[in-house]
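J.: Dropping the structure in here first, questions after.
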Amino acid sequence: MALSLLSACAEPGARPDGGNAASPMIAVSLPPATDTLPCTKATTAPGRSATPADVATPRSEGALPRPSNEYLDEAYREEMLRRQMEANDAYLNRRPLPETALPGAIRCAIRAEDALRPLHERKVYDKRAVEKALTAAGLPESYVRAPGSRDRMPHDGVIIGNWTGQACIVGYLSREYGAHIEYGSTTADGGCLPAGD
């Protein structure tokens, strides 16, 4: 899902009036993020909650001491492989959401799961039916597609993604596992879902 990002660029030392680099830089601040999906304002049953997406926990790993027999040391090789695999998947990591994003994200996640559950009960996994159900639940223009090799979700049915204006709503509708929705930040590469295959 493509996200619009606001940015302002100027050459170092540039002045708005076109003067020379001797003037101080002018700081540009972005407007605060706000919820834009209708589901962020929806009412939900008291006591209901939603599932937060996993947040990356940075490891405090220093340099791995290289043994003299590194090609024969199984423990060393296993740890090197684990670190390499972790680094390869780092673009999928999510970070904690700001407190202001939580209420709307939780409401939308609950509404999305409530919209998908009846489809699973009727065994409907069609992309258009999922889009229609999500739109009716206040999540218009949801990104719905078949699972890809980089998705950390079941590989049957469909996966969904949407952006509240402050948080991602992601999840799946699976023939085997049913409906599951989470809320969280964008991934490290800036999207709600990895690119499809």
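All of the numbers you see were taken from the coordinates with simple rules; none came from a lab. Only a predicted model underlies this, so the values are computations on that prediction, with no experimental measurement involved.
J.: From the backbone phi of the range 128-138, what are the Karplus-calculated ³J(HN,Hα) couplings (6.51 cos²θ - 1.76 cosθ + 1.60, θ = phi - 60°) in whole Hz, Gly and Pro given as x?
T.: Couplings: 5, 5, 5, 4, 5, 5, 5, 4, 5, 8, x Hz.
J.: Let me ask something else about it. List the lysines whose Cα sits under 23 Å from the Cα of LYS41, skipping any in the same chain fewer than 8 residues away.
T.: LYS132
J.: Using the Karplus curve 6.51 cos²θ - 1.76 cosθ + 1.60 with θ = phi - 60°, what ³J(HN,Hα) values do you get for each residue of the range 63-77, in whole Hz, with x for Gly and Pro?
T.: Taking θ as phi minus 60°, the curve returns 4, 8, x, 8, x, 5, 10, 4, 7, 10, 7, 4, 4, 5, 5 Hz for the range 63-77.
J.: In sequence order, what are the phi-derived ³J(HN,Hα) couplings for the range 180-197 according to the Karplus relation 6.51 cos²θ - 1.76 cosθ + 1.60 with θ = phi - 60°, rounded to whole Hz, with x for glycine and proline?
T.: Those phi angles translate into 8, 10, 10, 10, x, 7, 5, 6, 4, 8, x, x, 7, 10, x, 4, x, 6 Hz.
J.: Right, another one. Going by amide H atoms built from the backbone, whose H comes under 5 Å of the H on ALA179, apart from near neighbours?
T.: Here SER174 satisfy the definition.
J.: Another one. Could you pull out every residue, at least 5 positions away or on a different chain, whose amide H is within less than 5 Å of the one on CYS168? Hs are placed 1.01 Å off N in the peptide plane, and Pro or chain starts have none.
T.: Distant-sequence amide H within range of CYS168: GLY184, SER185, THR186.
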